[in-house]
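Report on the following structure.
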Amino acid sequence: MGIYNLSCGCQVSAPDLWKHQYDDISGQYIFWQDKSSLTVRITPFHASKNGVPAPGDVMEKAFRSSVPKSAELFVQHPYGLQGFKCIVFKDVYKDRGKSVYTIYIGYWREGDLLSISLWATDPDEFAQADEILGSLKAVGNI
């Protein structure tokens, strides 16, 4: 099991079969497996002005603005992160004739936002991400 410290003071673990990459341009942590359509993208954000963290509602609004308008609120979701509020959306769209299923998870609090998106062409593959999402935890002052 690999343990990854995210730049926002959170930590996530991934099984050894998962590959990972940090994208310097987007600031995303990307996880995937060979022979699977599932990709997990984790993007941390911090916002403050003159040392004062941005209000939580600003962080929530930032997340909501990143979610496609076609996505639907996913009310009964299994996700959570201690100390953060959470909202989840799901969506499906066509790409080159194939359905692409997505789940957008936003965790926020004053000054911090952790945006996670899951992408797969087979919605049954989302269960593979449960181990990664279940390992997510805050490990310091974010």
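The values are calculated or read from the model by the stated rules, or taken from the named source; none is laboratory data. Computed from a predicted structure; not experimentally measured. All Cβ positions, glycine included, derive from the backbone under ideal geometry; neighbour counts span all protein chains shown.
Could you go through the stretch 76-86 and let me know if any residue there is assigned to a helix (DSSP H, G or I), within 13 Å of the chain's Cα centre (by Cα) and of a type in the set (Phe, Trp, Tyr). Step through it out loud before you land on a result.
Residues of the stretch 76-86 assigned to a helix (DSSP H, G or I): none.
For the stretch 76-86, residues assigned to a helix (DSSP H, G or I), within 13 Å of the chain's Cα centre (by Cα) and of a type in the set (Phe, Trp, Tyr): absent.
How do the pairs read when you match residues in the stretch 56-77 that are closer than 12 Å to residue 104 by Cα with residues anywhere that are among the acidic types (Asp, Glu) and exposed (fewer than 14 other Cβ atoms within 10 Å of the Cβ), using Cβ under 8 Å and keeping only pairs 6 or more apart or on different chains?
none
When residues of the stretch 108-121 are filtered for being of a type outside the set (Gly, Ala, Ser), under 19 Å from residue 72 (Cβ atoms) and in contact with a Gly (Cβ under 9 Å, 6 or more places away or on another chain), how many remain?
1
Condition first: aliphatic (A, V, I, L, M), part of a loop (DSSP other than H, G, I, E, B) and within 15 Å of the chain's Cα centre (by Cα). Now tell me which residues in the stretch 1-60 satisfy that. Step through it out loud before you land on a result.
As a first pass, look at the stretch 1-60 and keep what is aliphatic (A, V, I, L, M): 1, 3, 6, 12, 14, 17, 25, 30, 38, 40, 42, 47, 52, 54, 58-59.
Now drop any that are not part of a loop (DSSP other than H, G, I, E, B), which leaves 1, 6, 17, 25, 38, 47, 54.
The answer is 6, 38.
Answer yes or no as to whether residue 54 is of a type in the set (A, V, I, L, M, F, W, C) and over 14 Å from residue 119 (Cβ atoms).
Yes, satisfied.
Residue by residue, here is whether (1) more than 23 Å from residue 82 (Cα to Cα); (2) surrounded by 15 or more Cβ atoms within 10 Å (Cβ to Cβ); (3) among the β-branched types (Val, Ile, Thr) holds:
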site: 1; (1), (2), (3): no, no, no
site: 4; (1), (2), (3): no, yes, no
site: 8; (1), (2), (3): no, yes, no
site: 11; (1), (2), (3): no, yes, no
site: 24; (1), (2), (3): yes, no, no
site: 28; (1), (2), (3): no, yes, no
site: 33; (1), (2), (3): yes, yes, no
site: 49; (1), (2), (3): yes, no, no
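From (1) exposed (fewer than 14 other Cβ atoms within 10 Å of the Cβ); (2) at pLDDT 90 or above, pick out the condition that doesn't hold for residue 39.
With respect to (1) exposed (fewer than 14 other Cβ atoms within 10 Å of the Cβ); (2) at pLDDT 90 or above, residue 39 is out only on (1).
Just the residues that are buried (at least 19 other Cβ atoms within 10 Å of the Cβ) and β-branched (Val, Ile, Thr), please, taken from the stretch 118-141.
If the condition is that a residue be buried (at least 19 other Cβ atoms within 10 Å of the Cβ) and β-branched (Val, Ile, Thr), then 132 is the only one that fits.
Can you tell me which residue among 66, 70, 115 is under 22 Å from residue 28 (Cβ atoms), modelled with pLDDT of 90 or more and loosely packed, with under 11 Cβ neighbours inside 10 Å? Walk me through how you get there before you give the answer.
Numbers: 66 fails: loosely packed, with under 11 Cβ neighbours inside 10 Å; 115 fails: loosely packed, with under 11 Cβ neighbours inside 10 Å.
The unique qualifying residue is 70.
Please work out which residue is surrounded by the fewest Cβ atoms within 10 Å (Cβ to Cβ), limiting yourself to the stretch 82-100 and to residues that are in contact with a Lys or Arg (Cβ under 9 Å, 6 or more places away or on another chain) and under 26 Å from residue 1 (Cβ atoms).
Of all residues in the stretch 82-100, those in contact with a Lys or Arg (Cβ under 9 Å, 6 or more places away or on another chain) come to 82-85, 87, 89, 100.
Subsequent filtering for residues that are under 26 Å from residue 1 (Cβ atoms) retains 82-84.
On the way: 82: 8, 83: 11, 84: 19.
Here the answer is 82.
Quick test of your reading of the structure: residue 108 fulfils all but one of (1) under 16 Å from residue 134 (Cα atoms); (2) buried (at least 19 other Cβ atoms within 10 Å of the Cβ). Name the failing condition by number.
It fails just one condition, (1).
Restricting to the stretch 105-142, name every residue that is free of Cβ contacts under 8 Å to residues at least 40 places away in the same chain and not charged (D, E, K, R).
Kept after step one, since they are free of Cβ contacts under 8 Å to residues at least 40 places away in the same chain, are these residues of the stretch 105-142: 105, 107, 123-124, 127, 134.
Selection gives 105, 107, 123, 127, 134.
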